[in-house]
Amino acid sequence: MYRDTFDHKGPLLYFINYLGLKISYYSGAWLLEFVMLFVWVVLTYCTARLFCRKLPACVVAFLGVTALFGCYCGGNYPECYALPFISGALYVFTDYFVNYKITNLRLMLCGGTLACALMLKPNTISVWVVFSLAVLVQAFQTGEIKTIPRFLGFFLLGFGAVLAPIFLYLGVKGIIPDFIRTYFLFNFEYSGDAGAKSSLWTAICFVVHEWMLPSLVAAFLWAIQEKGKGNIYWKAMAVYLILSLLMSGMSGNNYPYYRISMIPCYAAPLAKALDIEYDRRNTHSLQLLAVVVAAVFAANWYTPLLTAVNQLRHTTREIDLGDEHHCAIFQLIEERTTPEENIIVYGNEDSFYFYGHRFAASKYSFQYPIVLMDEEIRAEFFDDLDKNHPKLIIVQSLWCDDEYIQAFLESYPEYELITDFDDYAVYEYHGK
């Protein structure tokens, strides 16, 4: 990874997908994702229970799942796998501030979850940044500064326990420089390319489309009303909501799945609000909860739920993405190439390698948007095509008129157009 195949995601995502392939080629990754999302739902419920009774806590977990359907986008994103780590850390921090409960094991788990999130996607670490500072502030305010060395020591122990085997693997393979160049330097360039105005606008869009605004208002209200240690927690929660929002939109792209990492933000403010409204002696509260659940189900569950089930059904079948053009090209790949021959997809659609059972002719199996930010990558990609002459070149319609791929195809008359759909053009190499 990083040296032989390019993706600017964290190494933990590579390991998860590798393990998924070993479990089952077509459905192993989805099984792992289901398990991790189930853990996230349980942790969301546990966090909500720190503020409210069982029924409102179930509603909070239900609303979290509903929010996920709105931005799931087929899954297998680092944000999905980061959810249990974010929620686990949030539970540890919340239980510390609410019940003053902390153990050495929890400190290690908190550090370990930070390492996992960092090795998935670096902009998912808002909860650790904000609440670690909140713990430090509280320690100074209460005169408990002597606890900080123990907290920090066990936190770093858990952090190192996760990072050590990952960096040992990268070191043994000799790919630490490739990892740094791809995962850190390229991602900084990727985010910096958006600019502050674009990132801020994306964050505002997230506020409009999601429940961040009411959660943020609720956090500020609790910060004003709560006294003592609770006051620090809710101030930190408000800052966490804002920072999480900004970091989710820092690339300037309004991709729905970027919002997944913000979903854990809802748990505590919503649980606190539902606890105030819910009263066993007042049937109106139960009626209100029933209306809220029914409204959310009707508005947000029906279509997204069917879509998610449909996506899962197709992704676990061998040669079926629900698109006749995809199926035809998968079949074409297997008929026109041997397992030893490479292909390339020009654009951003790696499913053709996966379902066609063929390797890419370049480490850059997808090119957009990465070549828009790095001309060296574009040059390296076309050097790979010059050397390897992929048996098939599949060009997505969005890039069919791209001057670079057209210039390459014109320079090699051995490439013949064999299929031209509305959305894909397929070229076959007839040279030696």
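Summed over segment 355-373, the residues that are over 23 Å from the mean Cα position of the chain (by Cα) and either surrounded by fewer than 20 Cβ atoms within 10 Å (Cβ to Cβ) or at pLDDT 90 or above (or both) give a count of 6. Taking first residues from segment 1-15 that are crowded, with 21+ Cβ neighbours inside 10 Å and partners that are among the hydroxyl-bearing types (Ser, Thr, Tyr), the Cβ contacts under 6 Å between residues at least 6 apart in sequence or on separate chains come to MET1/TYR14; TYR2/THR182; PHE6/TYR364.
PHE6 meets each of the listed conditions (1) in contact with a Ser or Thr (Cβ under 8 Å, 6 or more places away or on another chain); (2) outside any helix (DSSP H, G or I); (3) over 22 Å from ARG181 (Cα atoms) apart from (3). Among the residues of segment 349-389, just one is part of a loop (DSSP other than H, G, I, E, B) and in contact with a His (Cβ under 8 Å, 6 or more places away or on another chain), namely ALA361. Any residue at all in segment 346-353 that is farther than 16 Å from TYR424 by Cα and modelled with pLDDT of 90 or more? For segment 346-353, residues farther than 16 Å from TYR424 by Cα and modelled with pLDDT of 90 or more: absent. Scanning segment 352-380 for residues that are in contact with a strand residue (DSSP E or B) (Cβ under 9 Å, 6 or more places away or on another chain) and under 17 Å from TYR26 (Cβ atoms) gives PHE352, TYR353, GLY356, ARG358.
Residues in segment 151-164: is at least one in contact with a Cys (Cβ under 8 Å, 6 or more places away or on another chain), within 21 Å of TYR257 (Cβ to Cβ) and either modelled with pLDDT of 70 or more or assigned to a helix (DSSP H, G or I) (or both)? Checked segment 151-164: no residue is in contact with a Cys (Cβ under 8 Å, 6 or more places away or on another chain), within 21 Å of TYR257 (Cβ to Cβ) and either modelled with pLDDT of 70 or more or assigned to a helix (DSSP H, G or I) (or both). Got at least one residue in segment 388-406 being in the same structural domain as GLN331 (by TED's automatic domain parsing) and at positive phi? For segment 388-406, residues in the same structural domain as GLN331 (by TED's automatic domain parsing) and at positive phi: present. For GLU335, state whether it is at pLDDT 90 or above and exposed (fewer than 13 other Cβ atoms within 10 Å of the Cβ). So GLU335 fits the description; yes.
Look at segment 355-367: where a residue is assigned by TED's automatic domain parsing to the domain that holds ASP386 and under 13 Å from ASN342 (Cβ atoms) and a partner is aromatic (Phe, Trp, Tyr) and part of a loop (DSSP other than H, G, I, E, B), sitting 6+ places away or on another chain with Cβ atoms under 6 Å, you get LYS363/PHE6; TYR364/PHE6.
Against the condition of a type in the set (D, E, K, R), in a helix (DSSP H, G or I) and either buried (at least 16 other Cβ atoms within 10 Å of the Cβ) or modelled with pLDDT under 60 (or both), how does LYS146 come out, does it pass? Judged against the criteria, LYS146 is not a match.
Here THR113 passes the criteria (1) farther than 22 Å from VAL98 by Cβ; (2) in contact with a Gly (Cβ under 6 Å, 6 or more places away or on another chain) except the one numbered (1). For segment 87-124, a residue qualifies if it is at pLDDT below 95 and under 13 Å from TYR240 (Cα atoms), and the qualifying residues are ASN123, THR124.
Selection over segment 97-138 of residues that are in contact with a helix residue (DSSP H, G or I) (Cβ under 8 Å, 6 or more places away or on another chain), farther than 18 Å from LEU156 by Cα and in a helix (DSSP H, G or I) gives a count of 6.
Step by step: first the residues of segment 18-46, then only those that are polar (S, T, N, Q) and modelled with pLDDT under 95, then the one that is farthest from LEU90 (Cα to Cα). Which residue is that? Result: SER24. For beta carbons closer than 8 Å, sequence separation of 6+ or different chains, a first residue in segment 402-428 that is hydroxyl-bearing (Ser, Thr, Tyr) and a second that is exposed (fewer than 13 other Cβ atoms within 10 Å of the Cβ) and outside any helix (DSSP H, G or I), the qualifying pairs are TYR412/GLY431; TYR415/HIS430; TYR427/GLU416; TYR427/LEU417.
Candidates TYR72, TYR25: the one that is assigned to a loop (DSSP other than H, G, I, E, B), surrounded by fewer than 19 Cβ atoms within 10 Å (Cβ to Cβ) and not polar (S, T, N, Q) is TYR25.
The values are calculated or read from the model by the stated rules, or taken from the named source; none is laboratory data. What you are looking at is a predicted structure, and each value in this text was computed from that prediction instead of being measured. Methodologically, a virtual Cβ is constructed for each residue, glycine included, from the backbone with ideal geometry; neighbour enumeration extends over all protein chains shown.
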